[in-house]
Structures are given as C-alpha cells and as structure tokens.
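Remarks on the structure that follows.
The values are calculated or read from the model by the stated rules, or taken from the named source; none is laboratory data. Worth saying up front: this structure is predicted, and the values here are computed from it rather than measured. So basically every Cβ, Gly included, is an ideal-geometry build from the backbone, and we count neighbours across all protein chains shown. Protein only, heavy atoms only, side chains kept; ligands, DNA and RNA dropped before computing areas. Shrake-Rupley method; radii C 1.70, N 1.55, O 1.52, S 1.80 Å.
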Amino acid sequence: MTLCVLAAMGLSACGKKDAEVSVPHVEVVEQPKISQTEEEKEAELGLETAPGTVLGQEEVTVMEGEEPKTVLYTRVRGIGDFSLAYDAETFSVEASADSLTFQALEEGVPAFVRVERSDAASTEDAADQVVLESDEECTVEDVTVGEGEYPAVWVSYAEGTADTERTCDVYIFRYNDILYTVQMDCTVGDYEKIGQAEQMILSTLRFDEG
C-alpha cells in the first residue's frame, strides 16, 4: 500500500516578488521495519525518557522521483508524548527540555528542523505571529502532518528567488492541549535536495496514544 507522507506536499510556498518554491514530494511505499533493543523498548515506554533518547531504528522504503530507495532512520523521543525519526547520515540531533533540533550535517548547508512548544493561545494566533515576524507574503493552509495525520496549520514563505535566499516552512498543531511548532529552514538553492529530507522527519511524527 502506498502512503502519502504529508498532505502539504502538493502545495507550494510563496514569498515576496512572486518567489515560489515547490514542496518536494515523497511517498513511503512500505511500512517501516522497526528494530529495537530491550533498552530502547523500555525507553519508548518510559514517561521520563529524556528528549533525544534513541528509541530504535526503522528501515523505510521511499520513492525519490520514480525510483524506490531504502533509508535507515533513527527514532528519538521528542519534547512531549511523541517521537520522530530521521536520517542520521543527513542530520544530527540536539535536544533540550524545550526543543528538539535536527541540523543538516553537510558543510555549508544552513538547514534545520526545530520542534518547540508554543505559548500562543491557538494555532491561528501562532500562525499570525509567524506571518507578522516573517515580514513576507506567506502561504497559510490547513494540512495534516505525521503518521496520525494530525491537523495542523502550515505557514510557508521565501525571502526571494536567489539560491542563497532563505525559505521557511512552519507547521503548528495542538495535541493534548499542548501547542507545538515545527520550523524547517534552508536556502532556496538547497530546497529540492534537503527540503525532502526535512519533510520526511515531520512525516514520521508519532504520538503515544496508548
């Protein structure tokens, strides 16, 4: 069964001066094959497990263009009752009590995915704040994210069309009365390459619903 990993992937991001960046399209063609040690299983169930703790490995087959590719992802605890998986050959991870950041490893590529809690009153208020602070023309859409297709607001903009200009995607969603933001940053020139890997991280979002 083919599973589309993110509803927003068919949309486009718009910035000032008619800058437009297409969101990379990725499809998971098989459910991930998960492997865990006993310690990782215990950590996954532990309520006090620290953010960034490794919970296991997942072998994921994805479509890149018309070709399937198998990638090994590392699943880590988030800053709440959720976990995310990432390609450890593409990103490093830094965690604190308040944020979880995946930083691109390639030298000279200023790209990251950062998950944080928001103190905004609502997803709409948080989205309005992103638009205001960006000082750009933004795309704002209702989408779903993660394995559970959690409802979210997506705010996207680019600062221009040059390869060195910054492009940003922010996803805002609420779960169990906690508001989260996921910010993805990179340059326009790196977007087609690293943007796909950033979107894949968000596609693995999984809340503990047990």
## Note on the structure
Of (1) over 12 Å from residue 191 (Cβ atoms); (2) surrounded by 19 or more Cβ atoms within 10 Å (Cβ to Cβ), residue 142 fails just (2)
### Task
Return yes when residue 137 is touching a residue at least 24 places away in the same chain (Cβ under 8 Å), of a type outside the set (Phe, Trp, Tyr), under 20 Å from residue 177 (Cα atoms) and open to solvent by 80 Å² or more (accessible area, probe 1.4 Å) and no when it is not.
no
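Can you tell me which residue within region 31-56, out of those that are in a loop (DSSP other than H, G, I, E, B) and under 18 Å from residue 201 (Cβ atoms), is modelled with the lowest pLDDT?
Ranking the candidates gives 31 first.
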### Summary
Among 101, 74, the single one that is closer than 17 Å to residue 195 by Cβ, modelled with pLDDT of 90 or more and not in a helix (DSSP H, G or I) is 101
### Task
Considering only residues that are among the small types (Gly, Ala, Ser) and outside any loop (DSSP other than H, G, I, E, B), look in region 117-160 and name the one that is nearest to residue 98 (Cα to Cα).
118
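This table checks each residue for (1) in a strand (DSSP E or B); (2) buried (at least 22 other Cβ atoms within 10 Å of the Cβ); (3) free of Cβ contacts under 8 Å to residues at least 12 places away in the same chain.
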position	(1), (2), (3)
107	no, no, yes
115	yes, yes, no
162	no, no, no
172	yes, yes, no
185	yes, no, no
### Summary
residue 147 passes all but one of the listed conditions (1) over 24 Å from residue 56 (Cα atoms); (2) open to solvent by 60 Å² or more (accessible area, probe 1.4 Å); the exception is number (1)
### Query
Taking region 187-199 on its own, how many of its residues are open to solvent by 10 Å² or more (accessible area, probe 1.4 Å) and in a helix (DSSP H, G or I)?
5
### Task
Name the residue, out of 89, 59, that is closer than 29 Å to residue 189 by Cα, outside any helix (DSSP H, G or I), at pLDDT 90 or above and out of contact with any Cys (no Cβ under 8 Å at 6 or more places or on another chain).
89
